[in-house]
Amino acid sequence: LRMPCAAAAKAKEQLDGTFLKHKHLRVRFAQHHAALWVSDINEHVSNEVLQAAFEQFGEVERAVVYADEKGYSKGYGFVEFTKKRSMEAAMRAAQENLLLLTKSPRPVVV
């Protein structure tokens, strides 16, 4: 976890996971322009599989596959890299080649 400033880190620590008006708060730092939106994700791909697939391009801060209220994949998500150049390498690879996450012949779209 990188902390851009002491005040932001303190606010995150104090507020993340608390409740406000019966709603659960999740406090995150702003993205740093090193994130990719990924679609056409196979329904069997988890957050961990998505992260592992993109780690070949550099360190992944987090990878999220969106799911519905029943836990079924919505078929899209994002990968956030720690460095912009890693994100750019992944984007180039996806544009120049097919990027397969599973044995399914259907590539993901970046």
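The values are calculated or read from the model by the stated rules, or taken from the named source; none is laboratory data. Note that this is a predicted model, so its numbers are computed, not measured. We place every Cβ from the backbone using ideal geometry, glycine too, and count neighbours over all the protein chains shown. We work out accessible area using only protein heavy atoms, side chains counted, and drop any ligands, DNA or RNA first. Shrake-Rupley method; radii C 1.70, N 1.55, O 1.52, S 1.80 Å.
I'd like the chymotrypsin sites (Phe, Trp or Tyr not before Pro) in segment 36-95 restricted to DSSP loop residues with at most 12 other Cβ atoms within 10 Å, sorted by number. Don't jump to the answer; show the numbers that get you there.
Numbers: sites: 37, 54, 57, 66, 72, 76, 78, 81; in loops: 72.
For chymotrypsin sites (Phe, Trp or Tyr not before Pro) across segment 36-95 that sit outside H, G, I, E and B with at most 12 neighbouring Cβ atoms in 10 Å, the list reads 72.
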Q) How large is ³J(HN,Hα), in whole Hz, for each residue of segment 90-97 in order, when computed from phi with the Karplus curve 6.51 cos²θ - 1.76 cosθ + 1.60 and θ = phi - 60°, using x for Gly and Pro? A) 5, 5, 4, 4, 5, 7, 8, 9
Q: Would you tell me the accessible area of residue 84, worked out with a 1.4 angstrom probe on the heavy atoms of the protein chains, in Å² to the nearest 10?
A: 110 Å²
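So, with a 1.4 angstrom probe, what is the percent of accessible area on the chain that is carbon and sulfur? It would help to have the intermediate numbers written out before the result.
Working: 4150 of 7860 Å².
The nonpolar share, carbon plus sulfur, comes to 53 percent.
Suppose accessible area is computed on protein heavy atoms with a 1.4 Å probe; arrange 80, 43 from highest to lowest.
Values: 80 10, 43 120 Å².
Result of the area sort, largest leading: 43, 80.
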Q: Show 44, 22 ordered by accessible area, largest first, where the area counts protein heavy atoms only and the probe is 1.4 Å.
A: 22, 44
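State in Å² the accessible area per residue of the chain; use a 1.4 Å probe, count heavy atoms of protein chains only, and round to the nearest integer. Don't skip to the answer; put the middle values down first.
Working: 7860 Å² over 110 residues.
Per residue, the chain has an accessible area of 71 Å².
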Q: Take the Cα atoms of the chain, find their three principal axes, and give me the spread along each one in whole Å, biggest first.
A: 45, 35, 16
Q: Give the ranking of 26, 62 by solvent-accessible surface, highest area first, calculated with a 1.4 Å probe.
A: 26, 62
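Using a cut-off of 13 Å between beta-carbons, work out the net charge of the residues near residue 67 (Lys and Arg +1, Asp and Glu -1, residue 67 not included).
Details: positive: 70, 74; negative: 43, 68, 69.
Summing Lys/Arg as +1 and Asp/Glu as -1 gives -1.
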Q.
Could you work out [θ]222 nm for the chain from helices alone, using -39500 (n - 2.57) per DSSP H run of at least four and dividing by all its residues? Round to the nearest 500 deg cm²/dmol.
A. -8500 deg cm²/dmol
